[in-house]
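Asker: Mind having a look at this structure? Questions to follow.
The values are calculated or read from the model by the stated rules, or taken from the named source; none is laboratory data. Bear in mind that the values here come from a model prediction, so they are computed numbers and not experimental data. With ideal geometry, Cβ positions are generated from the backbone for all residues, glycine too; neighbour counts draw on all protein chains shown.
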Amino acid sequence: MTHQVLPLVLASTSPFRKELLSRLGVEFSAVSPDVNETRETGESPDALVRRLALAKARSGSKDVGDALVIGSDQVAVVDDEVLGKPERADVAEQQLARLSGRSVTFLTGLCVLNTCTGHVQVDVVPFHVVFRSLDSEQIRRYVAFEQPLNCAGSFKSEGLGITLFERMEGDDPTALIGLPLICLTTMLRNEDLVLP
């Protein structure tokens, strides 16, 4: 049983983040944040996801009244290069070919904004994935089947993307899906939201 002091708002249209948040057994609404996700010149991947998580929470806080607003953003990083959402199958295949046999760091920025007090909590949760060696036919079949075109790194770990991995390393596997629940639970408790 939970006791919510303020309404909870998820500033995301991601079905994956909605599913993850629903695991906590709390009522929430979701809004679509209006944020330009372009990386600023010289901005580190860590600073990028931190800034975007905060920007999404702030955007989502408009017109919601007193609430706890959650913003999140994720990037895949290889060789200090940020890999975004591929949007097209050929780009997804190129990304996965590049990731074949390599270690990739996924950075998930998380923000909880209390619109009543103005209190802001922001953190970045890393998660590492080591990909198997993949041939072009495996990559083509995977992309055609799962269509991971809206996923950073071109895979869905909650689906068949798991078959592409040799191993995963990190403190919170939900960070890989885009909403680190261990960190989020701590932030919500800091705002007096009682969880089971």
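Asker: Which pairs do you get when a residue that is farther than 25 Å from LEU195 by Cα, found in the stretch 23-51, comes within reach of a residue that is charged (D, E, K, R) and in a helix (DSSP H, G or I), reach meaning Cβ atoms under 6 angstrom, with the pair 6+ apart or on two chains?
Answerer: Final answer for the pair search is PRO33/LYS56; VAL35/LYS56.
Asker: Can I ask one more? Looking only at residues that are more than 15 Å from GLU19 (Cα to Cα) and of a type in the set (Asp, Glu) in the stretch 150-182, which one is surrounded by the most Cβ atoms within 10 Å (Cβ to Cβ)?
Answerer: Result: ASP172.
Asker: For LEU6, state whether it is buried (at least 16 other Cβ atoms within 10 Å of the Cβ) and over 24 Å from GLU146 (Cβ atoms).
Answerer: On the way: buried (at least 16 other Cβ atoms within 10 Å of the Cβ): yes; over 24 Å from GLU146 (Cβ atoms): yes.
Criteria met by LEU6.
Asker: Still on this structure, please answer the following. Out of curiosity, is THR185 more than 13 Å from the chain's Cα centre (by Cα), surrounded by fewer than 14 Cβ atoms within 10 Å (Cβ to Cβ) and in a helix (DSSP H, G or I)?
Answerer: Numbers: more than 13 Å from the chain's Cα centre (by Cα): yes; surrounded by fewer than 14 Cβ atoms within 10 Å (Cβ to Cβ): no; in a helix (DSSP H, G or I): yes.
Answer is no for this residue.
Asker: Among the candidates GLY84, GLY101, GLY65, which residue alone is under 30 Å from GLU27 (Cβ atoms) and either out of contact with any Leu (no Cβ under 7 Å at 6 or more places or on another chain) or in contact (Cβ under 8 Å) with a residue 60 or more places away in the chain (or both)? Let's see the steps before the verdict.
Answerer: Values: GLY84 fails: under 30 Å from GLU27 (Cβ atoms); GLY101 fails: under 30 Å from GLU27 (Cβ atoms).
Sole residue among the options that is under 30 Å from GLU27 (Cβ atoms) and either out of contact with any Leu (no Cβ under 7 Å at 6 or more places or on another chain) or in contact (Cβ under 8 Å) with a residue 60 or more places away in the chain (or both): GLY65.
Asker: Which one of these is farther than 22 Å from SER72 by Cβ, of a type in the set (A, V, I, L, M) and modelled with pLDDT of 95 or more: LEU181, LEU113, LEU134? Write out each step before concluding.
Answerer: On the way: LEU181 fails: farther than 22 Å from SER72 by Cβ; LEU113 fails: farther than 22 Å from SER72 by Cβ.
So the residue among LEU181, LEU113, LEU134 that is farther than 22 Å from SER72 by Cβ, of a type in the set (A, V, I, L, M) and modelled with pLDDT of 95 or more is LEU134.
Asker: Residues in the stretch 42-65 that are more than 14 Å from the chain's Cα centre (by Cα), of a type in the set (D, E, K, R) and modelled with pLDDT of 95 or more: how many?
Answerer: Residues flagged as more than 14 Å from the chain's Cα centre (by Cα), of a type in the set (D, E, K, R) and modelled with pLDDT of 95 or more within the stretch 42-65 amount to 1.
Asker: Moving to a separate point now. What is the one condition in (1) within 20 Å of ARG189 (Cα to Cα); (2) at pLDDT below 95; (3) touching a Lys or Arg at 6+ places or on another chain (Cβ under 8 Å) that LEU10 does not satisfy?
Answerer: Among (1) within 20 Å of ARG189 (Cα to Cα); (2) at pLDDT below 95; (3) touching a Lys or Arg at 6+ places or on another chain (Cβ under 8 Å), the lone unmet condition for LEU10 is (2).
Asker: On the given criteria, is VAL82 surrounded by fewer than 17 Cβ atoms within 10 Å (Cβ to Cβ) and among the β-branched types (Val, Ile, Thr)?
Answerer: On the way: surrounded by fewer than 17 Cβ atoms within 10 Å (Cβ to Cβ): yes; among the β-branched types (Val, Ile, Thr): yes.
Answer is yes for this residue.
Asker: Going through the stretch 112-130 one residue at a time, which ones are in contact (Cβ under 8 Å) with a residue 60 or more places away in the chain and surrounded by 23 or more Cβ atoms within 10 Å (Cβ to Cβ)?
Answerer: Once the filter is applied, which keeps residues that are in contact (Cβ under 8 Å) with a residue 60 or more places away in the chain and surrounded by 23 or more Cβ atoms within 10 Å (Cβ to Cβ), the stretch 112-130 yields only VAL112.
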